[in-house]
Amino acid sequence: MLCVFPTLKVCLYTILIILLLSINLSIIASETDDDVTTLPPIYVTAEKIEKKPKNTLEGSTINMAVGSGGDPLRVLDLLPSVGVLNDFAGILSVRGGGPEDNLYYFDRLPLGYPYHLYGIVSTVNAEVIQKVEVYPGGYGAEFGSESQAVIDIYSRSRTEKTIGAKLNLNPVYSQAFIEGSIAKRGYYYVFGRRSNMGPLFDLLPSLLETESDTVVQVPRFWSYQGKGVYQINKTHRVEINAFGSDDSAIFRFGADEVSDSDLRGLFRSDNPFDSQGIHLYSEQEKKYRSVISLTRSFSRSELEYGEGYFYRNADSIYSLRGDLHYWIKNPITLLESGFVLSILPSNIISIGSRPLEEGDWDYNIRLKKDGEKIHTSISEKMQRLEGYSQLTKDIYSSSIVDIYSTFGIRGTYFNLIDTFSLQPRALIGMIFGPNMAGNPNLSLFPIDISLQYGNYAQNPQFYQLALGDKKYPISPSLAKHYVLVMEKRLTNETRVEVASYYKQLLDMISFDIDDRSYRNQRIGSVTGFEFSLEHQMGDVLRGWIAYSYTISKRQDTPYEKEREYMFSTPHVLSFNLNYTFHTLDIGAKWQYKSGVLYVPLDGREMYTNPFSKKESWLPIYGDPLRTDPYHRLDLRIHWTYSQFERFRAGFTFEIWNVYNRINSLQVRYNADFTKEVPIAQLPFVPFIALTFEF
């Protein structure tokens, strides 16, 4: 039995020491033709004709977020119904879904994985993030069939600097960032990061009660990003971008990490990915906007552990993607259409193992037949073709009500299972009292109510088609989303949003241990409600409250009873406050959420391996329970303590978990399954950062 996060025992202690010692030193050098004037951020408010079911976090919000250390993806849990699994792992659950339901884009390139080492730091650089758009469900036909939630990240495409540079050094990693202008018609940036955690791991045995031989190779990572933008003329611009990342480590697992003897021993992990793309943007205001992208991505997941168990999955994706927005004036209508043509050469090598799967409380990754490991080596060149069309228009407009709608459909063909699917998407909305917009006083109108529907098909993963006995044909998993949203601006400074949703999940693919095969046998449902209230007074004060209630259920087979989904969190309540006074920024964040789901022990039984004759204890699990609720208070102070014509220095001090709440991360068991061993999340942690710009 593997623990939930194989490297967790060491990583938890390591991250704690890292955070305690983390002092960031940043040096920025810039050269400009003239004195640079810092402009306030520009917020683009779309007309209702372009209304999308999404939440947007601007770069300014990300930089001021409390408890994130400035990490661009650690702030996503500010949004209602977007939950981070715990203080360490960056696995996102969006509206009761799992990590396999989320699709990440970074400037139109697929993002292989968002975090280094399960959540130490994002694989993308916070310096260049312009905004992050989250489509939590019910979105239109413009996104593909591999997900139910989309996290779309945009980096900036211009700067006022001729050249600028930033160096960041801390006990976790070193990174360098350079950006600049290209002949006043373009922009570029280059970023690189490399871990340097060796000294910290050398200190661990003397600071904490850990086994000195647990770490064989210190966890290490590196990542890079680059982007170039050139404005050809008023209508066309070209962008070239690339990024890559790699995480690797070697550990030695004992009885505390792995209960089964044949899985103990060395554990090696290596997970590189990289993506490159060239994009042609064309635009004429209120006439059309189009993007053509040619991209290439590669990712590899490699695991080796225990007595010869090995798993390696390597995937490449070559894609041609096009998107067109075209405005028709009479009547005002937005036509969207696009396509994706992908070639996916993939390879899997497995020696008796498969990826971990949610809902398998034993975490049994072994593939055996008659006591022998099943060997698999298979390569396949797959093709996928997708296309969509979508129409948005104002149906009716008067002083009493405005009615608008979006109707679209997406089609997908996947050659490996020879399946074509059609996925309709729709939105219809009504604005009551549209003539009262801009009223500075508290009023009931205008109020915006929309009903959203989405049908999503997720194709099987290649390993699900290649591993195990192929007794049953596999088809795409299906999901139907129904979302009702109400938005209201109470005053010019105060905005409220309420949403309720229901998701029906069908034909989900899971591994049947008895048949040793993947099957469309799991079903599920998600019911939820979310509320958010935001108040903003210029650039001085911003506060918001978010609450979500989600019930996510799964039924693994027709013969088993329904259970709670492992990654779901029923109750999440967040309070956030940011105040700016001249050179001082003060922030606070408090979050409360339901405890972690775990399966308690009902007993144990002796098992004798019929081949090796070895005896071992097997656990007998009871019904799932939750640990005590999680809550945590974080505080942040940022002070710009010196500012001259070309020099500025700043000091940031954060305290995470101010009152040192002991929050449960997970519950493990001792080697003979007689006692529960709780593992805690982050304790009281100070975080310090120093920055110098000139």
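The values are calculated or read from the model by the stated rules, or taken from the named source; none is laboratory data. These numbers were taken from a predicted model, which means no experiment stands behind them. Protein only, heavy atoms only, side chains kept; ligands, DNA and RNA dropped before computing areas. Shrake-Rupley method; radii C 1.70, N 1.55, O 1.52, S 1.80 Å.
Some values worked out for this structure:
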item: Under the Karplus curve 6.51 cos²θ - 1.76 cosθ + 1.60, θ = phi - 60°, whole-Hz ³J(HN,Hα) for segment 474-480, x wherever Gly or Pro sits; result: 10, 10, x, 7, 10, 9, 10
item: Other-chain or far-sequence residues with amide H under 5 Å of residue 680's (modelled H); result: 665
item: Among the listed pairs 51/166; 227/393; 51/234; 161/234, those beyond 31 Å (Cα-Cα); result: 51/166; 227/393
item: Under 5 Å, built H, 5+ apart or other chain: amide partners of residue 419; result: 414
item: Amide H contacts of residue 670 (H built 1.01 Å from N, under 5 Å, at least 5 apart or other chain); result: 675, 677
item: Calculated from backbone phi, Karplus (6.51, -1.76, 1.60) coupling profile of segment 99-111 in Hz, x at Gly/Pro; result: x, 6, 8, 9, 10, 9, 10, 10, 6, 6, 9, x, 9
item: Relative contact order of segment 249-343, pairs being alpha-carbon contacts under 8 Å that are 6 or more residues apart, as %; result: 23
item: Whole-number accessible area per residue in Å² for segment 244-362, which is evaluated in the context of all protein chains at 1.4 Å; result: 41
item: Residue-wise HN-Hα coupling along segment 564-575, computed from phi with Karplus coefficients 6.51, -1.76, 1.60 (Hz; x: Gly, Pro); result: 6, 6, 4, 8, 7, 10, x, 10, 9, 10, 10, 10
item: Alpha carbon centroid spacing (whole Å) that separates segment 453-485 from segment 398-425; result: 17
